[in-house]
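Report on the structure given below.
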Amino acid sequence: MFAIQRITAENTTLKQRARQLTTDNRTLEERLKAARANLRFQDRRVAGLEVKLVDPTAIT
């Protein structure tokens, strides 16, 4: 009887942990997506500034 209760409690704990890890993973994926978008924006900004260094009359 005690073994069943222990296993049931452990199963519940593992399910909760799995849900938490899924939530954490989703959060990290969203942060990574935002960081990549920010990096793309910064890359374009740097490229525009580099063009201006070469040709100050250039429109970026």
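The values are calculated or read from the model by the stated rules, or taken from the named source; none is laboratory data. Quick caveat, the model's predicted, so the values are computed rather than measured. Backbone-built Cβ (ideal geometry, glycine too); neighbour counts: all protein chains shown. These area figures cover heavy atoms from the full protein model, side chains too; ligands, DNA and RNA do not enter into them. Shrake-Rupley method; radii C 1.70, N 1.55, O 1.52, S 1.80 Å.
Some points to look at:
- About the Cα centre, charge dipole magnitude for the chain (Lys/Arg +1, Asp/Glu -1 at Cβ), debye: 240 debye
- Reciprocal mean inverse distance between Cα atoms of the chain - Kirkwood radius, Å: 15.7 Å
- Mean accessible surface per residue for the chain, computed with a 1.4 Å probe while every protein chain stays in place, in Å²: 96 Å²
- Element breakdown for the chain at a 1.4 angstrom probe: carbon and sulfur atoms account for 60% of the accessible area.
- Axis of helix 2-54 versus longest Cα principal axis of the chain: the two differ by about 0°, to the nearest ten degrees.
- Cα centroid separation, region 40-60 to region 1-21 (Å): 56 Å
- Cα lying deepest toward the dipole's positive end in the chain, options Q20, I7, A35, charges on Cβ: I7
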